[in-house]
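Contents: one structure, followed by commentary.
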Amino acid sequence: MHKAKKQYGQNFLTDKNLLKKIVSEANLENKNVIEVGPGKGALTQFILPIAKKFVAYEIDKSLKEYLDPLIEKGLTIKYGDFLNSDLNEDIKTFFNNEEVEFIGNLPYYITSPILFKVLETTNIRSATMMVQKEVGDRMVSAPNQKTYNALSVLVQYFTNVRRVMVVKKNMFIPQPKVDSVIIQIIKKPTDEHVTEKFVPFVKAAFTQKRKTLVNNLSQTFNIEKAEIHHFLKENQMDLNIRAEQISVEKFIELSKKWPF
Ligand code: SAM
């Protein structure tokens, strides 16, 4: 019997109706699919019959007894750390550089790096992911809400994001401390030149949530406050505004005009 490993964020799902619902919401019919953390194959078993090509990454080799039998049904499985994988190379090898959909009941300790790897990988078109409810709330949050932060702005800049459903902690074995949520992101086209300025600008704006935009920008970019006052005035903005009050569209506009 496999014993769940806390260090790998192992919380397994077993409810068949829930698993089928997640896979159906992910729209994987006849699509190329990457799954991270198949575990005992809970989602994998329902994806396999409908996917076009299917590659899964699992760090825990002791789950082989559950996953290896799926190889003859068409699954390609890579044992190792997904974060160390050369994803672009794998997409070339396994999917002939075609578009890929991502799915994963993610290990919570590495949600952010996995998310950023997904965002950076051009060939990944969509991702359906289980994340901690708190993280999911941030991803869909709007300005002036308590949960609105840099993650909200970045995710909503790169993708259309949808909160699919909440999954209560008692659906997992072993049970985690908090509830989860399934989030679906679908990539939007972005302009490389805008992105180059937008990402550091947003990160700087939110450096310290309670500080004003002026203070955060001035500290991060090492610029006189007077110059930033001038910039904000030119853009008809309140000098005391905080990042949490600024919409994604306004961030795009500001970062495009940001002269520093
Ligand atoms: N998909 C299964 C389910 O829904 O029951 C398991 C989900 S469990 C929350 C997370 C899975 O990710 C575990 O199987 C764990 O071993 C695997 N994992 C953790 N860190 C990983 C990494 N860096 N790369 C690949 N898989 C990882």
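The values are calculated or read from the model by the stated rules, or taken from the named source; none is laboratory data. As the structure is a computational prediction, the values presented were derived from the model and not from experiment. Backbone-built Cβ (ideal geometry, glycine too); neighbour counts: all protein chains shown.
Here T93, T121 are screened, and the one residue that is out of contact with any helix residue (DSSP H, G or I) (no Cβ under 6 Å at 6 or more places or on another chain) and β-branched (V, I, T) is T93. All conditions in (1) touching a Gly at 6+ places or on another chain (Cβ under 9 Å); (2) surrounded by 18 or more Cβ atoms within 10 Å (Cβ to Cβ); (3) not aliphatic (A, V, I, L, M) hold for Y148, with the sole exception of (1). Scan region 46-56 and tell me whether some residue there is within 11 Å of the ligand (Cβ to nearest atom), over 28 Å from V153 (Cβ atoms), surrounded by 20 or more Cβ atoms within 10 Å (Cβ to Cβ) and of a type in the set (G, A, S). Scanning region 46-56 turns up at least one residue that is within 11 Å of the ligand (Cβ to nearest atom), over 28 Å from V153 (Cβ atoms), surrounded by 20 or more Cβ atoms within 10 Å (Cβ to Cβ) and of a type in the set (G, A, S). Condition (residue is out of contact with any helix residue (DSSP H, G or I) (no Cβ under 7 Å at 6 or more places or on another chain), surrounded by 15 or more Cβ atoms within 10 Å (Cβ to Cβ) and at pLDDT 95 or above) applied to region 151-161: is it met by at least one residue? Yes: one or more hits. Among the residues of region 69-77, not a single one is within 12 Å of the ligand (Cβ to nearest atom), surrounded by fewer than 16 Cβ atoms within 10 Å (Cβ to Cβ) and not β-branched (V, I, T). Where strands (runs of 3 or more DSSP E) fall wholly inside region 53-138, the ranges with 2 or more residues that are in contact with a Phe, Trp or Tyr (Cβ under 7 Å, 6 or more places away or on another chain) are 54-58, 76-79, 124-132.
Of all residues in region 184-192, one or more are more than 18 Å from F116 (Cβ to Cβ) and surrounded by fewer than 17 Cβ atoms within 10 Å (Cβ to Cβ).
If you filter region 85-138 down to residues that are away from the ligand (no atom under 13 Å from the Cβ) and polar (S, T, N, Q), you find that the one that is surrounded by the most Cβ atoms within 10 Å (Cβ to Cβ) is S126.
Among the residues making up region 235-260, those that are crowded, with 19+ Cβ neighbours inside 10 Å and either among the polar types (S, T, N, Q) or part of a loop (DSSP other than H, G, I, E, B) (or both) are R242, I246, S255.
Within region 23-41, the presence of at least one residue that is within 10 Å of the ligand (Cβ to nearest atom), at pLDDT 95 or above, part of a loop (DSSP other than H, G, I, E, B) and basic (K, R) is confirmed.
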